[in-house]
Each structure stands twice: as C-alpha cells, then as structure tokens.
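Nothing in this text is a laboratory measurement; each read-out follows from the coordinates by a stated rule. Predicted, not measured: the structure shown is a model, and the values here were computed from it. No Cβ is skipped: glycine too gets one built from the backbone with ideal geometry, and neighbour counts run over all protein chains shown.
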Amino acid sequence: MRKHTVRWLLPFLLLLPVLSWAQDERPPVTRAYFINNAYVVQEPGKVIDLGGVIIRNGLIEAVGKGLKAPLDAKTLEGDSLYVYAGFIEGLSHTGVPKPKQPERGSRPEVKDPGNPPNDVAGIQPERSVTDLMKADDKSVADMRALGFTAAHVVPHGGMLPGQGAIVLLGGDNEREMVLRANTSLYSAFEGGQRVYPVTTMAIMSKYRELYKQAEQVKGHAGKYAANSRGMARPEYDDVLAAFFPVIDKKMPVFFEVEDIKEVYRAMGLSKELGFNLVLAEVSRGQLVMDKLKSTNTPVFLTLDLPKAKKEDKKEKGDKDKGDKKETDEKDTDEKDVDKKEGDKKVSPEKKMMMDKAEARRDASRKELEEQAAMLAKGGITFGFSTLNVKASDVRAHLGRMIKAGLTEDQALAALTTNPAKMLGIAQVAGTVEKGKIANLVVTDKPYFAEGSNVRYVIVDGMPHEYEVKKKKGPSDPDAVVMAVGEWNITIQVPGQSTESMVTITDDGGSLSGTIASDGDSRNLSGVSLDGDNLTFGSKFEAGGQSISLSFDLIIDGDNIEGSVKAGGFGSFDVEGSRAPK
Amino acid sequence: MKKYNLLFLLLFAVAATLPAQTEKGSIHIKNATVITITKGVLENTDVVVTDGKITGIGKSLKTPKGARVVDAAGQFVMPGIIDAHSHIALDAVNEGTNIVTAEVETGDVIDPLDVAIYRALAGGVTATHAMHGSANAIGGQCETIKLRYGTYDPEELKMEGAPRTIKFALGENPMRVHGEGSGLHARTRMGIEQVFRRAFSEARDYMAAQEDYNKKMASDPQAVPPMYDRRMEALADILRGDIIIHCHSYRADEILMLMNVCKDFGVTKLVYQHVNEGFKVAPELAEFGAMASVFADWWAYKFEVYYSTAYNAAILTRNGVVTSINSDSGDYIRHLYHQAGKTQRYGMLTDNEALRLITLNPAIQLGIEDRVGSLEKGKDGDITIFSAHPLSVYAIPQMTIVDGVVRFDIKEDNDDMRLSVDPEDTETMMLDYDDDHRCMEGTAEELFKY
C-alpha cells in the first residue's frame, strides 16, 4: 500500500527540492536573496524603476538602484517584474482551522439552554488565537498565494471568540508565525446555537454585563491587593480578566459587523462602555461616513462582495422582439426554459416592477462595490478584513472596487501601509524599506492589471515561488453539468506526468469521491460543484510531510480541465475526460 | 477612598446614552376638520407645527418660517395612530432560551430599514411599541419608537424620554417553549406564577444586598458590593416602579393571578396585552388600575383564545378600563382605524371613544400621553391626515407626519420604498408582506419538537 502511494506521488516528491524552500527539512543554503532590475513599489506612489532589493536573514537589507549582488545571495531574476510590500489582512481567520459546525437547528447537550457553560455560549475571551492556529492550514497558503504576508488573525466562534494575534503567513510552525500575540479582543454579534445568548439583544446585554462585572472585579482586585486583610477575596475569573487590558485601553476591541445597523450597535457599546473600538467587515460604510469621521473609528472594509452581475446572454434577442419568438422556439437549451416561460406569462405591469426591482438590486450592488472609493474620497483611512471572503474571490473583488472608483494606489495602501499603521506594525511592515521584515509580493505585471500573475511571495525573508499556470476558462456558476462518474485525469508536472482516475458519487445531494492510481485509492474531501466548477481536496503523507492537494476543475461536457495545487509546491495543470463506459 | 466609592457607584448607574439628533420639522396644515381627541372636533381649523412641536390649533394661523404648507380643506386631521403592540422594525423578537430574560432590550435590535415602518406610516401610524415576544414568562424590555422612516440610525427611532416597559407572558406560549420544548419549568399555569414570584423574590434579595452594601460602604472601606447582574437590575427596576409591565394574557384566571402577584410585590404599573377574557374581569382590572390593549375581533387561533368577544373593547371601556386596540401585525397595523371602527358596530362606542382606542389610550398605556395621542398645543407634531373621517370605510390616509416631518405622502408614494436592498435576493422583493404575527418568532424549534 505504502509503496503504491509513493509511486503515485513520485512526480510531486521530485519537485520538493526545486520548488520549495520553506518546506524543505534541511535549512536553506542561504538566507540572502537578491531581486534585481525590478519595478519596486516601495509604497503607494513611491517607485524605483529598475531597482533592487537585498534580503538577508528575514529583513530587507537594502533597497535601491545599482545594488550589487551579495556573494552569498541567491538571485531572483526581477527583470520586468513588479515588487510590492507584502499585503496585510486587517482581520481574518487565516491559519485558524474552523471547528466542526454543529448540525443546523441542533442544540448542544446542556442542562439549561438559558444558562449554558461559557464555551458553549461562545464566550471565551480568555483564549488566544496562537493556541488555535495551524501553520499548515490550507488558508495560509491560499492567502499567501494572493500576496498576503501578514494577518491579524482571530479565533472562530460566538460573541467573544478570543484574542487576536498578528502573524506572518509563513514559517514551519505556529510559534514562528507569531509577530505579536494578544493584540485585540475579538467580538461579533454571533449568537449561540439555541442557547443563551441567541439574539443580538441578548448578546448586547451579556456584553454590557461582562464588561461591567469585569470593571467591578478589577476594582475589587485592586482594592484587595492594597489592603486584603479582613476583606472578602475577589473571584478569579479568566473570562472577566480578559477584559482588563480592554478596560485599561491597552487592547482594542475588534468588532465584526455585518451591516450598518451593527456599525451603530458596536459604536453604541463602545461609547457606553468606553472601550477602544475597531470595526471590521464594514460594508456600505459610506452611509455612516460622518459618524466614522466624527468618532475617528478605525475601519477595515470587507473584501467580500455580492456576486457580480451576470452578463445577459440573451440581450441580443431581447433587443429585437420580432426575432425573439423564433429564436426562443429554436432554443431548447434547458437553462433558457425558465426564462422563456417567464417572459410569456409576465404582464407588462409586472415586468416593469421586476425591472425596477432589478435596477434597485444593481444600485445596491454598486453601493457595495464603491464603498472603498467613497470612503477614500471622504478622507477615511481604511484597510481590508477577510473574515468572510473566499480567497479565490479576493483579486476579482479588488478589481471590482477599482472599477467602481478606487485608485490602484488607494487599493495598495489599504492592503499595505494603512493596515500596518492601524495594527501598530508600521515599524516593521507595510512598505519596501530597509530594516523592515522582508515581506514582499512579486508579480509579472502591475498587481491590479488584467492577467497579472504572482511570481513570488516572500514571507519573513523566505521566497515562495509560483508557476504561471495555463489559463483556464472562467467558471460559469449557472452551467448545468454532470460531475458524477469516472474521470481519467492527467496531472502535468514538468518532466513527469501522472495519470489517475477520479470517481465522483452523489450521496443524495452531497458529493463525495475517490482518486485512484496504480491500485491505490483514497477518499476526496470537500467535493463541491458550483455551476461547472468542480473542486475537491486530497491529502497524503510522504517523507514525513503532510501535503494537501486541492483540485480546481471546470467540466465541459465529457472534458475536464483545470489545476491542482500541491501544498506549497505550486500549481499544476490537470486535463482529463470522462472514462468510457 | 471616597472618590473610589463614587466611581464604584457610577458602575451601577445605567449608562445614559445621549439621544440621537432626530429630525424636526415645521408644517402648517390649513382649513381641515381637526379631531383633537381631548378638545372636540374643530371645523375649518389650522394646525401649526414648529420644529417638531404643535404651536397652534385655530383659525387663520400664521405660517412659521420655513414651514411646509398643506391645504387640507375637506380633509380630516387627527393625532398620529399609536400601536401599543407591534413587532415591526425589529431584528429579533424572542430570546427564547430562558424563561426570564428581563435584561434584554428590543431597543438594541431596532431595524430602521424595515419597510414595514413605511407601510405602517401609510396606515396613519406614527409610533409603535416595539415589543419582545411572548416565549418567556418574563421577556425582554420593549422600546417605544417613532416611525421616523428614512434614517439608518436605529437610535433615531427611539422615542426619547419614553418610559421603560417590559414584556411578560402568561399561559400556553411560555409553557410550551420552556415546559414542553426545553423540558424545564414551567409546565403549568401554576408554574408560570411561581416564575414571577421567584424572580421578584430574587430581585428583592438583590436589592437588599445592594442596600446593605450602600449602608456599610460609608463606615467599612472593605465592604464588597454584590456582583452586578443585569437581569436582577431590570427586575429590581420593575419593583421600584420604573418599568411598566405589558403582559401577554388571554384567560381571566391568569389575569387575576398576575394582579395578585403584583399586589404582593407592590407593583402597580400593569398593562395587559390581548386580554381576550378581559371582559370577564373588567371591574377588577379597573379597580387595580390595570389597562388593556386588545384585538378588535380576532381569536380562536389557539385553545386558550376560544372564549372571546368583539365587545371586549367596549365592555372594558364602559367599565372604566383604559383600553387600546393593537395590531401585533405588520398587516393589521395599516388599518388600525378600521379596527377601532369595529367597536361602533360591537358596543356602540362614540367616535371619540373609538378613536381614543388607537391614539390617547395607547399613549397612556406607554406613559407618553403628555407628548402624543391628542392634538394639543405643546404636544409633538405627530399627525395623520385622512381623506374622510377616519372611522369611515372610505377614509384613506393622505399624509403622516412625525415631529413635523412628512414621513408618508400619498402623492409621493412610489412602488418601492425600501431603504436597503439585498442585491442577491430576487425572491421576495417588495411583494414580501409581513402579515405574520411575530410574537413567537425564534421559538419554532421548541414548539415543533415532539
């Protein structure tokens, strides 16, 4: 069994020394790197054309023109490449595995749902995210591949999930990742699962109560320390103690807000209780711009957006009503059936109303897309938070925000200099400057340009290289395809390719599957089909390492095509077709 | 040390949040038939509102500077309708996890974007009592809101200075959610009574411990206060008379039971909601000084609501009980003036008595009668203009004004008045219509568990 496994994985293993510095068990040959002849964007608006960067022992040693390659440095050819400071996530769960979700509608086993234990209620402010991180969590590699090199990360779960830390998105273990621990108290209007507090009104009440109890216990403890004899001793409560640095204004509260109502609620709590507030996942912030300005509240905008409007494929037909009937009759494409029937039934009045509603949805979508541009115009400094965005959407969403009026420099600032300042790490991150941590993104075109590829992401002085993969067609979320069945696929690793069979089965609505090669078969995880986009993962242990494969494929009839990402080794093209019956 | 104690005391004070700056307007309504509720019906009369307050009711009044002028000749002007039982404009209704949740406040979950607010305005309503649901014997504190539709700030809807109120519930709802659903107490109506008695007793102990601490504090620097407890704070405030109880109720026996509990604990501010069997105990209610907010003619939706009558409001009124008619619904709220009219068919109430049921009486029940509920100089400019007498079936609300600001104008009534639209929601649109009663929202799992 083991032999088979290794044989199948051989092509991947061959790549180990070539593509991965970070994962190699041996120490790297050198910790000095030299990027030359690149377009170095030191910070928004400040660029060096044909410049160089020398990196040594995790720090930027020099930046500028006419630098000489140090003798011990490995040179990364920078010709025609663009170098930026590594991006920073203002608030995220990157590297923090999501705990298993209880079944919907279920209630955890508790004696009294009105008074559950704190961990069940989602009240664990005493936890530190540093105890919950996994350096090899897929999200770290995913975000890094986009150019993110540092993140302010927080635990999952409930109204008070725990304390955040600022981490670097690289390193062999969790300890190595941590730049600063216990940087924030993370809060959210996230209720318990059918246990108190479920609703936002109970969350608000509980929040006030905990805060005031913490103030009370803190006061009592202070008094007790000064004069304890004859005095009832204060209760030791680590939940309440977690609020102490917040009460002293030494630690900010990062509140995740879903909409502007929650912006008002979080601001209300902050004003009432007196803590330092930072808002994250803000959307439609332009509607509360004055309030954000007058209170000087730091904001991280959500990088999540609603799905982009689909281009109406039938637009041509609609324009010419005379032709429409004919084309409709000919067109028996199954996905047009709905629309065709709809068109016939709808009265002109209803059609007008539906068009108006559609226009409002468009306006609403635009409002969300142009939030960043509007806030920038209004003079508000902001970064981005990534709690709710899928990594695969980040670049497209940034593109939509730029299309809606955000300048590229403003976008870059929101990814680099702004979060560095807002998180208090501007001394060591956010720009390409001598002495800062060597966190860099290197691309083959300007980052925000169409078709730009990330070539290297350097975290803590350690380069991660990315192959430019063959462009796969864009996925179509509305396509109806058949994923179930057997597929012969070829994974194209340079110089060596491997053939496997993927079997996808439908277990009453949820997909699962196996991947097999040379008689060895293993289960797939996270099999999901979105339109014509089939994604799944697989994991294997080899050479003492756990390597996860994540497939991202597009199905077109009996053909399948896409790529597979193999841990930190890079991404490889995949091609295949349905196995003959 | 003294300074320290002072600080400590401040901890217990409920943090007073400054009222949000609400928009006030000026308006001059001319030549209308003015139904004042307290001072008769005045023909060919003007009503003038200056900066949100009524500054004049009379003939040929001067228009204040910058005021909008509305010619209402042939139209009827009345105080804005008040709904003493509503769940519109709320993001949550029930914290159904505990049989006592006195500490939660619907004021924390106001939804200013709810289009139901606009629909209510289109029915002449200017203020509602945004209530917690009836899942718990002692539910959450409620918020009296003004329908200032158009703002995004939840605070701006709150009626500044309105007294605090709290939702209680008797009978089947709390029994089902907690006794049957969660397998805890209370399973019977007797058990519900014990929930009140226990809660009030605990609150008394809490108050005593606080008092004890306050006494010791002066002489003993090492005195330690009891741990701050928001539930106990709220219950203690009920005992202190700072919060009006609004209790969901149907059966006469339970109505009497709660009055007895209140008597035992010295609680006097009590309004019953629904009160379908109120007509059986109307003299007792009047004697206690309890008030009643009822449906016009709606019953039989569960076992304990079978014994009912459409004469309920009239019987209660004739027995001297301050009575109102409420909607408890995003639909009924739009025609409360029709609901009030039913008391003329069932009980022959006068025009003024019928209209009091949806104006001044609910205002009294919410403790805001010095501000709203009638058209008088000095009161808030909350006004509704009807095309005909509001008790006529042909009457159509023309304009609804809150604090002198026109919030509904039938001439500017567009198809889609939503303040916020979900770009991905293509299903509900504005056709989505809240006619469900939300009293038991958020408790489905408990109710349908076998």
Which aspartates and glutamates have a Cα lying under 15 Å from the Cα of B:LYS53, excluding residues fewer than 8 positions away in the same chain? B:GLU23, B:GLU160, B:GLU369, B:ASP370, B:GLU376, B:ASP380, B:ASP382, B:ASP403
Given the options B:THR317, B:THR38, B:THR343, state which has the largest fluctuation in a GNM of chain B using a 10 Å cut-off (strictly under) for Cα springs. B:THR38
Lys, Arg +1 and Asp, Glu -1 on Cβ, resulting dipole of the protein assembly as shown about Cα centre, debye, nearest 20: 2420 debye
Over chain A: Rg over Rh, Cα atoms, Kirkwood Rh: 1.00
Using only Cα atoms and rounding to the nearest 10 degrees, what angle (0 to 90) does helix B:230-239 make with the longest principal axis of chain B? 70 degrees
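How many percent of Cα pairs in the stretch A:340-442 exceed 20 Å? Show your work: numbers first, answer last.
Numbers: 2909 of 5253 pairs.
That fraction is 55 percent.
Relative to the compact-globule scaling 2.2 N^0.38 Å, provide the ratio for the alpha-carbon radius of gyration of the protein assembly as shown.
Working: Rg = 33.2 Å, N = 1031, 2.2 N^0.38 = 30.7 Å.
Ratio of Rg to 2.2 N^0.38 Å for the protein assembly as shown: 1.08.
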Rounded tilt (10° steps) of B:252-265 against the dominant C-alpha axis of chain B: 60 degrees
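Which of the pairs B:LYS24/B:LYS377; B:LYS167/B:LYS379; B:LYS39/B:LYS280 have their Cα atoms more than 24 Å apart in this structure?
Working: B:LYS24/B:LYS377 16 Å; B:LYS167/B:LYS379 27 Å; B:LYS39/B:LYS280 32 Å.
With Cα atoms farther than 24 Å apart: B:LYS167/B:LYS379; B:LYS39/B:LYS280.
Starting with the fewest neighbours, write out B:ILE333, B:ILE54 ranked by other beta-carbon atoms found within 10 Å of each beta-carbon. It would help to have the intermediate numbers written out before the result.
On the way: B:ILE333 29, B:ILE54 22.
Fewest-to-most ranking of B:ILE333, B:ILE54: B:ILE54, B:ILE333.
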From fewest to most C-beta neighbours within 10 Å, the residues B:CYS439, B:CYS262, B:CYS142 line up as B:CYS262, B:CYS439, B:CYS142
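Give me D for the stretch A:121-274 in µm² s⁻¹, whole number, from Stokes-Einstein with Rh from the Kirkwood sum over alpha-carbon pairs, 25 °C and 0.890 mPa s. Working shown, then result.
Values: Rh = 17.0 Å.
Taking Rh from Cα pairs, D becomes 145 µm²/s.
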From fewest to most C-beta neighbours within 10 Å, the residues A:LYS111, A:LYS206, A:LYS138 line up as A:LYS111, A:LYS138, A:LYS206
Please work out how many pairs of lysine residues in the stretch A:49-156 are eight or more positions apart (or on different chains) and have Cα atoms closer than 17 angstrom. 4
When we measure straight from the Cα of A:LYS366, which aspartates and glutamates land under 16 angstrom away, once same-chain ones fewer than 8 places off are left out? A:ASP259, A:ASP304, A:GLU311, A:GLU358, B:ASP422, B:GLU424, B:ASP425
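Rounded to the nearest 5, what % of the DSSP beta bridges within the protein assembly as shown are antiparallel ones?
On the way: 125 of 182 bridges.
Percentage antiparallel, nearest 5: 70.
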For B:GLN344, net neighbour charge (Lys/Arg +1, Asp/Glu -1) across residues whose Cβ lies under 14 Å away: +1
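Express as a percent, rounded to the nearest 5, the fraction of DSSP beta bridges in chain A (both residues included) that run antiparallel.
Numbers: 92 of 119 bridges.
Here the antiparallel bridges make up roughly 75 percent for chain A.
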For chain B, the longest principal axis of the Cα atoms and the Cα long axis of helix B:2-12 enclose an angle in degrees, to the nearest 10, of 60 degrees
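Give A:LYS250/A:LYS271; A:LYS250/A:LYS421; B:LYS30/B:LYS342; A:LYS206/A:LYS261; A:LYS46/A:LYS436; A:LYS271/B:LYS216 a once-over and call out the pairs whose C-alpha atoms are over 22 Å from each other. Intermediate results must be reported in sequence, preceding the final value.
Numbers: A:LYS250/A:LYS271 17 Å; A:LYS250/A:LYS421 16 Å; B:LYS30/B:LYS342 30 Å; A:LYS206/A:LYS261 18 Å; A:LYS46/A:LYS436 16 Å; A:LYS271/B:LYS216 32 Å.
From the list (A:LYS250/A:LYS271; A:LYS250/A:LYS421; B:LYS30/B:LYS342; A:LYS206/A:LYS261; A:LYS46/A:LYS436; A:LYS271/B:LYS216), the Cα-Cα distance tops 22 Å for B:LYS30/B:LYS342; A:LYS271/B:LYS216.
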Within 10 Å of each Cβ in peptide A:356-366, how many partner chain Cβ atoms are there on average? Round it to a whole number, please. 5
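222 nm [θ] for chain A, helices only, -39500 (n - 2.57) per DSSP H run of 4+, per residue, to 500? Each step should come with its number before you reach the end.
On the way: 17 runs with 170 residues, N = 581.
About -8500 deg cm²/dmol.
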At what distance in angstrom do the alpha carbon centres of the stretch B:28-56 and the stretch B:342-361 lie from each other? 21 Å
Taking every other residue with Cβ under 14 Å from the Cβ of B:ASN276 and scoring Lys and Arg +1, Asp and Glu -1, one gets -4
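Counting only helical runs of four or more DSSP H residues, what would the 222 nm mean residue ellipticity of chain B come to if each run contributes -39,500 (n - 2.57) and the total is spread over all its residues?
After summing the helix terms and dividing by residue count, I get -7500 deg cm²/dmol.
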